[in-house]
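What follows is a set of notes on a single structure, which appears directly below.
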Amino acid sequence: MTGDLSSARAALERGDWANALEALALIDDHDAPDRSAALELRARAAYGAGEFEAAVQAWEELHAHELDRGDRVAAAQAAAMVAMFLMMDTGLMAPVRGWLRTADRLLDPKTVTPAHALIAMTRTYERFMCGDLDAAREWSARAIELGEATGTDPAIVIGRVSSARVRIYDGDLEGGLAQLEEVGAFLMTGRADPLTTGMMYCELICAAQGLGRHDMASEWTEVMERWRHGAAFGGIHGRCRVHRAEVLRISGPCDEAEAEALGACEELRPWMRREYGWPLVELGNIRLRRGDLAGAEDAFLEAHQHAWSPQPGLALLRLEQGDADAASEMIADAIAHPFDSPSKERPPFGDLRLAPLLDAQSEIEYARGNAEACRDAATRLASIADRFPGGFVSAWSRLAAGRADLLDGDPVAAIGHCRAALEAWTDLGAPYEAATARLVLAAALERSGNSESAHLERRSAASGLAAFGAARRAGVAADDSAPPPSRRSPGLTPTATFARDGRMRIVEFDGATATLKDLKGFRYITRLLAAPGREFHVLDLVAAEHGVLRPEHVSAEVPASAQPADTGLPMLDDEARAAYRRRLGEIDEDIEDARRANDLGRIELAERDREYLIAELSRAVGLSGRSRTT
């Protein structure tokens, strides 16, 4: 028995999660002489192997086992671990609070143990992610103090990072950034454990992204990228890829950015719950820049399904699709009701979260010719840039001012602002943004009577966009006379023909005609075109092609052999559904606790968690309780 545990430990040290789980599978946890060690090893091995729910369940079992043994401190530490892992990967704060209360009740407040440090560490980020800066400030100091007293290094490192981020939002930008750099230097020494290292590298990049400091984000992403090969495990590897996709979305090339984002979505699907919207939105933003409008919409709507805001990307997509009024309504609503679901990627507080929304509003209202709304966005951006100077925020502010000046009839002032934004984005290595500034600058130069310089800027913009991978926008920029998508007349919509002639298919669009062999895929397209706006399951298309309905709609007369098989992966497996139901119980307990304390804010947050889980369970279950597949 001891030999098997030794084998599992050795495999864990090598990062060989599969062999560790195999060694542990030979042990009956209930009969193991050292059941506590076996359960902890199983939790760590399952997490490394990508079995998140199994990992959390092992920590829960360890908590129950330590309670049965009467070791309250060990039980509290296991409860704190449950809370920490739920916080990292689910975005559901109500269960986190429930497990932290459980851990608190087991500990003597007059003593100091590593469990106390772990609780303080987890509370720090629970409060930070829920927008309670005052409490996050207090708990980060407590985590550092308890971590130093008990030798719990993760509490020290995480407490310092949280303290630095709070400092930034308090207005001490330089002090907070210097503190983050100090933590980053410590992480590079390799003295922190891999899980803490990966999560805190992610934090450094998130902080830089939130400030619009692309240069800083790019540098730390490069450090994390080198570190992750051979060191990252669990969901950290996928988070590294999202950050790399974010950097490539700015610097290009766009096709590499999309490849990283798709890889991140694939890797993070077993890990993230609500926060899975983060890589999906990044994928949508990249596709929008590439000109893949249908693909961008798919990604944004999928993110919305995960209760994650797809803005400002979805509003900008509507602008590209030619519906500027819908884009205006969307972005105004997003600014009035900013996204506030718990996330360390997008903290639910502060004006910084509004900066990208206001930049999008500036672009949308400029396209609509709405001078008043465009000026309002520029004014609000300027106020944020005063508090958080440098980086993207300052460049957004200058371009927004240029757009507003142009609509107000002052092209000379617009030229100055646009050139300042262009210079900033060039220095930041952001060719797409630089090209955007060039196009507004070209319009201002044209209005001031300098047509030759305007033409030069448009050519440079088109060249930059093409090299970046934004072919669609490059084409618009290259055509001086082409109106932007949002201003094209509905009367100019091209006509199309999609008809079958015997075994051939005639396809005509906007004056061009092609005659092709009538393939199966064309018949699927015919079915889709017959019902525009309706969503079809792929099996419905197969059934229509073969003249049968899907299994749940098949009558007794249709032979089983003619029915298509229901294939695909379940949206939620049995283990995940069981875990979701456990989380619902924990959320209900948090709501009751908040009601007793008359904490209306916590009640609202917990009820959002509850609504999210119920929606996820509903999406995963079809007619007659069958699991939906994807």
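The values are calculated or read from the model by the stated rules, or taken from the named source; none is laboratory data. Keep in mind the model is a prediction, meaning the values are calculated, not measured. A quick note on method: Cβ atoms are made from the backbone with ideal geometry, for glycine too, and the neighbour counts reach across all protein chains shown. Accessible surface areas use protein heavy atoms only, side chains included; no ligands, DNA or RNA. Shrake-Rupley method; radii C 1.70, N 1.55, O 1.52, S 1.80 Å.
Once you divide the Cα radius of gyration of the stretch 299-422 by 2.2 N^0.38 Å, the number left is 1.06. What the stretch 101-207 shows is 38 Å² of accessible area per residue, with the surface traced by a 1.4 Å probe over protein heavy atoms.
Just so you know, the averaged projected area of the alpha carbon convex hull for the stretch 120-207 sits at 5.0 nm². Kirkwood radius and radius of gyration were both taken over the C-alpha atoms of the stretch 172-326, and their ratio Rg/Rh is 1.00. Compactness ratio for the stretch 401-476: Cα radius of gyration over 2.2 N^0.38 Å (N = residue count) comes to 1.03.
For the residues Arg458, Arg438, Arg9, Arg447, a 1.4 Å probe over the protein chains yields an accessible-area ranking, largest first, of Arg447, Arg9, Arg438, Arg458.
Built from the Cα atoms of the stretch 358-450, the convex hull projects on average onto 5.1 nm², one quarter of its surface area. Histogrammed with a bin width of 5 Å, the alpha carbon distances of the stretch 91-150 distribute as 4, 20, 28, 26, 17, 5, 0 percent, first bin at zero. Magnitude of the charge dipole for the stretch 1-158, about its Cα centre and with charges confined to Cβ atoms of Lys, Arg (+1) and Asp, Glu (-1), is about 520 debye. Per atom type, the stretch 383-445 shows carbon and sulfur on 53% of its accessible surface, probed at 1.4 Å. The portion of the accessible surface of the stretch 221-333 made up by carbon and sulfur, rounded to a whole percent, is 47 (1.4 Å probe; DNA, RNA and ligands excluded). Qualifying trypsin sites (Lys or Arg not before Pro) in the stretch 105-189, where qualification requires a DSSP coil assignment and no more than 16 other C-beta atoms within 10 Å, comprise Lys110. Over all directions, the projected convex hull of the C-alpha atoms in the stretch 253-355 averages 6.5 nm² in area.
Taking Asp16, Asp89 and ordering them by how much accessible surface each has at a 1.4 Å probe, largest first, produces Asp16, Asp89. If R0 equals 41 Å, the separation of the Cβ atoms of Asp215 and Arg9 corresponds to a calculated FRET efficiency of about 0.45.
On the principal axes of its alpha carbon atoms, the stretch 348-396 extends 29, 21, 14 Å, with the longest extent given first.
In whole percent, what relative contact order does the stretch 25-95 give with Cα contacts below 8 Å and a gap of six or more residues?
21
Ligands, DNA and RNA left out, the 1.4 Å accessible surface of the stretch 88-209 is 52% carbon and sulfur atoms. The ellipsoid that matches the Cα gyration tensor of the stretch 212-273 has semi-axes, each √(5λ) in whole angstrom, of 19, 14, 10, with the longest given first.
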